[in-house]
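The values are calculated or read from the model by the stated rules, or taken from the named source; none is laboratory data. It should be emphasised that the depicted structure is a prediction, and the values quoted were computed from it without experimental measurement. Backbone-built Cβ (ideal geometry, glycine too); neighbour counts: all protein chains shown. When the accessible area is computed, the model is the full protein with side chains, heavy atoms only, and any ligands, DNA or RNA have been set aside. Shrake-Rupley method; radii C 1.70, N 1.55, O 1.52, S 1.80 Å.
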Amino acid sequence: TEGLRLLVTRPYLMGVFAIATLYEFIGTILDFQKGMLISSNYPSKLDGGAAFAWFKGLEGSAIGVVSLFFAMFGTSFFMRKFGLKFSLISFPTVIGLTVTTVFSMYMLGASSYQLMWVFFGAVVLIKGLNYALNNPSKEVLYIPTSKDVKYKTKGWIDAFGARLLKTFGAGVNNALSSSLCTLLSVGTFLSLDVIGIWIYAAGYVSNSFDT
């Protein structure tokens, strides 16, 4: 319980918790929305799920390519050129812009098929940047901390925190799954609220890190 005690009594570590886990809430909602669109455009009863599997395979391959490219040519460049604060804040900012773009396309009357590919691009971008930019940036935050934080608190954040936020996201999906329209609307505004908290935490933590 020492790691948990440190987590709830140190504002810096609570900020790290937010940076490391809030993505899971938004990602879970986006994944579910995308899955609903794929299922409506490629119903498994027509081909036994072959088209669905093809689409998911294409998505996974694209995420791998983006992550590899960014890890080789982008992560260290952004960290050196713009600093840790930029790297921490840019990721939730990109997610906010992406979520807003997807919702705007929906409000402008994009078809289900068009929305599916918009979600494809959004998820590839977000997951690729998460692996290649957000994860390395958040690991840097542990450098000035104690061994107790690195070996005890980090375990709570990475294991319990990530699963907890996934559960919250799944709860939203479950409550609103009967209507894609409602899920898109409520999910978008909830995601933007979470992103606001995330950006505030990133700014606080990066300033504390510099101190």
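Need one value: the accessible area of K154 in square angstrom, 1.4 angstrom probe, rounded to the nearest 10.
The value for K154 is about 40 Å².
Roughly how many nanometres apart are two label points built 7 Å out from the Cα toward the Cβ at A71 and E139?
In this crude label model, A71 to E139 measures out at 0.9 nm.
Over all distinct Cα pairs, what is the inverse of the mean 1/r for the chain, reported as the Kirkwood hydrodynamic radius in Å?
18.2
Simple spin-label model, 7 Å along Cα-to-Cβ: D158 to S185 in nm?
4.1
I need to check one value: relative contact order of the chain, counting alpha carbon pairs closer than 8 Å and at least 6 residues apart, in percent.
Relative contact order here is 45 percent.
Between rounded, prolate and oblate, where does segment 99-183 land on the alpha carbon gyration tensor, with a ≥ b ≥ c its root eigenvalues, rounded for a/c under 1.5, else prolate if a/b exceeds b/c?
It comes out oblate by the Cα gyration axes.
If you count, for each residue, the other Cβ atoms within 10 Å and average over each peptide, how do 132-139, 17-24 line up from highest to lowest?
Packing order, densest peptide first, comes out as 17-24, 132-139.
For the peptides 97-110, 179-192, what is the packing order when you average, over each peptide's residues, the other Cβ atoms within 10 Å and list the highest mean first?
179-192, 97-110
Give me the accessible area of M36, 1.4 Å probe, in Å² rounded to the nearest 10.
Near enough 50 Å² of accessible area.
Pairs of alpha-carbon atoms within less than 8 angstrom and 6+ residues apart define the contacts here; what relative contact order does segment 1-91 have, in percent?
13
Please report the carbon-and-sulfur percent of the accessible area for segment 1-136; probe 1.4 Å, protein heavy atoms only, DNA, RNA and ligands left out.
Here carbon and sulfur together make up 71 percent of the probe-accessible area.
Put D31, D210, D47 in order of accessible area, largest first, 1.4 Å probe: what do you get?
Ranked from most to least accessible, the order is D210, D47, D31.
Per the helix-only calculation at 222 nm, which mean residue ellipticity applies to the chain, given -39500 (n - 2.57) for every DSSP H run of n ≥ 4 and division by its residues, nearest 500 deg cm²/dmol?
Value at 222 nm, helices only, nearest 500: -27500 deg cm²/dmol.
How much length is gained on full extension from T1 to K85, taking 0.36 nm per residue of separation minus their Cα-Cα distance?
The T1-K85 span can extend by a further 27.2 nm.
So between Y204 and V8, what do we pick up on full extension, going 0.36 nm a residue minus the alpha carbon distance?
That pair, Y204 and V8, stretches by 69.0 nm at full extension.
Students often get this wrong, so check it: of K34/K166; K81/K150; K34/K85, which have C-alpha atoms separated by over 21 Å?
The answer is K81/K150; K34/K85.
What accessible area per residue comes out for segment 1-145, rounded to a whole number of Å², with a 1.4 Å probe?
Ligands and nucleic acids excluded, the result is 47 Å² per residue.
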